[in-house]
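Asker: Please find one structure pasted underneath; my questions will follow.
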């Protein structure tokens, strides 16, 4: 359990079910670690999921960017840290870092969270809730601000996906980390075997539910970083669920 402090750190061991065919921790598992420690840190400081629901509020993840210097590997012990950078109007920024036992920085991430009324799902001012920990405005895991990912020509690849029960979270919507898996699983085998993700950024725009039929589309890789823009939409109403930008090395 995390102590009540501005920066929360937990130690994890990368397990066999968190790694890929190369022996690296998957991006989905890293996103899962971020989601886990964010919840633990918020709970330890009085504004976790259950505490917020009791008060009629809920946090919703809207944006996430992950930059990888080096993927953790199977059985590696890592320290995952998180802190709140700021809060402004309806949003709060939370950052993350993953270090190995030598203190080397492996992964950096930044996330944006919106405060909603639990019943109406309408935005609420973040200043309306009490957060007793200081902001870490000068401690930025990623220097740039989280950006809106705009539409692009996405006719290079298209993959269909049917939402399954195992994709759902406690709110009966697709879990945030599952979209990461959907995006990355849409790439060809040879591409995945020969390349690694260097940067992954996602905007969450709407919710998907059980049995929704989704279409995952992507652009052609561009530039020396093989930048690909991707999008997931619901086929029944063409609603855009999320957009992502992925850089490969």
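The values are calculated or read from the model by the stated rules, or taken from the named source; none is laboratory data. Keep in mind it's a predicted model, so treat the numbers as computed, not measured. For neighbour counting, all protein chains shown are included, and Cβ atoms are generated from backbone atoms with ideal geometry for every residue, glycine included.
Asker: Scan the range 23-48 for residues that are touching a helix residue (DSSP H, G or I) at 6+ places or on another chain (Cβ under 8 Å) and assigned to a loop (DSSP other than H, G, I, E, B) and jot them down.
Answerer: First, pick out the residues of the range 23-48 that are touching a helix residue (DSSP H, G or I) at 6+ places or on another chain (Cβ under 8 Å): 25-29, 31-32, 35, 39, 42-43, 48.
26, 48 - these are the residues of the range 23-48 that are touching a helix residue (DSSP H, G or I) at 6+ places or on another chain (Cβ under 8 Å) and assigned to a loop (DSSP other than H, G, I, E, B).
Asker: Please verify whether the range 196-207 includes one or more residues that are more than 27 Å from residue 142 (Cα to Cα) and not assigned by TED's automatic domain parsing to the domain that holds residue 107.
Answerer: No, because not a single residue in the range 196-207 is more than 27 Å from residue 142 (Cα to Cα) and not assigned by TED's automatic domain parsing to the domain that holds residue 107.
Asker: Give the residue that is farthest from residue 93 (Cα to Cα), with candidates limited to residues of the range 51-78 that are at pLDDT below 85 and part of a helix (DSSP H, G or I).
Answerer: The qualifying residue farthest from residue 93 (Cα to Cα) is 53.
Asker: If you don't mind, another one. Scan the range 140-159 residue by residue and report those that are touching a strand residue (DSSP E or B) at 6+ places or on another chain (Cβ under 6 Å), more than 19 Å from residue 205 (Cβ to Cβ) and surrounded by fewer than 15 Cβ atoms within 10 Å (Cβ to Cβ).
Answerer: Of everything in the range 140-159, just one residue is touching a strand residue (DSSP E or B) at 6+ places or on another chain (Cβ under 6 Å), more than 19 Å from residue 205 (Cβ to Cβ) and surrounded by fewer than 15 Cβ atoms within 10 Å (Cβ to Cβ), namely 156.
Asker: Right, here's the next one. List every residue pair whose Cβ atoms sit under 6 Å apart, with the two residues 6 or more apart in sequence or on different chains, where the first one lies in the range 39-59 and is over 18 Å from residue 121 (Cβ atoms) and the second, anywhere, is buried (at least 19 other Cβ atoms within 10 Å of the Cβ).
Answerer: 41/8; 41/82; 48/42
Asker: So, residue 115, is that one touching a helix residue (DSSP H, G or I) at 6+ places or on another chain (Cβ under 6 Å), in the same structural domain as residue 53 (by TED's automatic domain parsing) and free of Cβ contacts under 8 Å to residues at least 60 places away in the same chain or not?
Answerer: Here the answer is yes, as residue 115 does meet what is asked.
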